[in-house]
1. For a quick check: sort 201, 448 by the number of other beta carbons within 10 angstrom, fewest at the front.
2. Sorted by average packing, counted as other Cβ atoms within 10 angstrom per residue and highest first, what order do 175-184, 232-241 take?
3. Assuming R0 = 35 Å, what is the FRET efficiency of residue 208 and residue 329, from their Cβ-Cβ distance, to the nearest 0.05?
4. Beyond 20 Å, what percent of the Cα pairs of segment 190-317 remain?
5. So, in nm, how far is label residue 192 from label residue 433 when the simple model puts each one 7 Å beyond its Cα toward the Cβ?
6. Based on the Cβ-Cβ distance from residue 305 to residue 165, what FRET efficiency comes out when R0 is 45 Å, to the nearest 0.05?
7. Calculate the radius of gyration of the Cα atoms of segment 432-474 to one decimal place, then report Dmax, the largest Cα-Cα distance, as a whole number, both in Å.
8. How far is it, in nm, from the label point at residue 462 to the one at residue 449 when both lie 7 Å from their Cα along the line to the Cβ?
C-alpha cells in the first residue's frame with residue numbers, strides 16, 4: 001500500500017480531519033501516479049505522542065528495535081499581521097526509512113523518520129530505485145572520503161510525494177506531487193561566484209547527497225532510503241515515464257560524468273569521424289562510447305575483462321582491445337589497411353582523444369604514439385611521404401575513487417596515469433571529479449533518446465530490497481556487476 005503523506009503549515013489553526021475527497025498518493029499503474037491534495041491532519045502514534053518532523057532542537061534516538069522517533073510540541077500559531085510561514089511539516093505513513101552507515105565493518109542501522117520539515121524550494125521524493133556506485137562500495141570498505149554516520153547513495157530516481165513552497169525544476173517548471181524526477185549530487189550555496197555561473201562543482205560550501213554526515217533535520221540525505229529530502233539549490237529534472245528506472249537512476253553520477261567528458265573532448269576537437277580511445281568498459285566508459293557513437297566518433301574501448309569488453313560493442317564501440325598492445329596492433333592494422341587501399345575512409349588511426357574512468361593511462365597513449373609513428377602514413381609505394389605525428393588532443397581522467405580491491409586511492413600522477421614527458425603532443429589533460437547542472441541536463445536528454453537503442457537497463461544485474469543493503473554492497477564489492485539496484489518498495 002502506498003505511503004500516506006499529510007501536511008500542515010506552521011501557524012495554521014487547530015488540526016482538522018482531511019475532507020472525505022482528500023486524496024492520498026495512489027498507484028493506478030506502474031507508470032501513472034495521481035496528484036494528491038493534502039489537508040492538515042494530526043498524526044498520533046500508539047504511545048499517544050505527536051509524531052512531527054525532527055528539528056534542530058530534537059535529538060535523534062535509535063532504539064533497540066532499530067527505529068528512531070522524535071517528539072515535538074506543535075508550533076506556535078502565527079501572529080496576525082506577520083509574514084506567512086515558509087516551512088511545511090510533512091508526516092508520512094508508514095514512516096520513511098533510511099539506512100545509516102556507521103563505519104567500516106559495521107552493519108547498516110535502520111532509522112525511521114516519521115516526518116520532515118520542508119523549507120522553501122524543498123521536495124520530498126519517494127525513491128523508486130537506487131543503484132550502488134563503485135564509490136559507495138569503496139566507502140563502505142575503506143571509509144575514505146566519508147564520515148560516519150551517514151546515509152550513502154547518490155544514484156537514484158523517484159517520485160515527488162510532498163512539495164515545499166515555490167519548488168521548481170532547473171528550468172523554472174513548478175514541481176507538483178506525482179512527478180518523476182532525478183536530481184544532482186551536489187547542492188550549491190547559490191551565493192558564491194561558482195554557483196552564479198552554474199559551476200556548483202567548484203562551490204566550496206556545497207552539500208552532497210550520500211556524502212554529508214547525518215544531522216538533525218536532514219536524515220533523509222542519501223539514496224539508500226525509502227525517501228530523500230531534496231533541498232533547495234539542487235538541480236531537479238523531470239524524467240519520462242517510459243524510461244526504465246535502471247536507466248534513470250545513474251544519471252546524476254555515471255551518465256552526467258560521461259556527458260562532462262564528451263563535452264570536454266568536443267570543446268577541444270571535432271569528434272565526428274574521429275577515433276577516441278575509451279579506457280574501461282564500466283558504466284561510465286560504456287556511456288562515453290555510446291555518446292561518442294551518437295556524435296559520429298569511432299570509439300575503441302580498452303578493457304581487460306572479456307565479458308565487459310564484448311559488451312562494449314552493444315554500446316556503439318567501433319572496436320575493442322584488451323590492453324595497450326592490442327590497441328597498438330589495432331591501430332597498425334587500420335593504418336596498413338588504408339595504406340593498401342582497403343578499409344574505411346576514417347581508419348582507426350591517429351586517435352584524437354583518450355578518456356577513461358579512473359586513469360586512462362600513459363601506456364595507452366604510448367601505444368598510440370608507437371602505432372602512429374611506425375605505421376605508414378602515405379600512399380602505397382610512396383616512400384617520400386614523412387611519418388605523421390601523434391594527434392591526441394585531449395586526455396580526460398574521470399573521477400578518482402578508492403580502489404575496492406586494494407583499499408587505496410588510485411593516484412593519477414603515477415603508474416599508468418603518468419603523463420609521459422616524451423610525448424611530442426600538445427594535449428589538454430584534465431581530471432573530471434564532479435559535474436555541473438548542465439551535465440545532468442545533457443544526461444537526461446541522452447537517456448530519454450538512447451534508452452531503447454542501447455541496453456543500459458540490462459546493466460543493473462541484480463536488485464535487493466532496502467533491508468538487504470549490506471548484502472547488496474557485498475555483491476557490488478565482488479566487482480562482477482556494473483550496478484546493483486536497491487528497491488525500497490512501496491511505489
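Every read-out reported here was derived from the displayed coordinates using simple, explicitly stated rules and does not represent laboratory data. Keep in mind the model is a prediction, meaning the values are calculated, not measured. Reconstructed Cβ throughout: ideal geometry from the backbone, glycine too, with neighbour counts over all protein chains shown.
1. Values: 201 19, 448 16.
Exposure proxy ranking, most exposed first: 448, 201.
2. Working: 175-184: 21.3, 232-241: 19.5.
Per-residue Cβ counts within 10 Å, averaged per peptide and sorted highest first, yield 175-184, 232-241.
3. Working: r = 43 Å, r/R0 = 1.22.
According to the calculation, E is roughly 0.25.
4. Working: 4741 of 8128 pairs.
Tail of the P(r) past 20 Å holds 58 percent of the pairs.
5. Placing both labels 7 Å along Cα→Cβ, they lie 1.2 nm apart.
6. That pair, residue 305 with residue 165, gives E of 0.35.
7. When restricted to the Cα atoms of segment 432-474, Rg and Dmax are 14.6, 35 Å.
8. Rounded to a tenth, the inter-label distance reads 3.7 nm.
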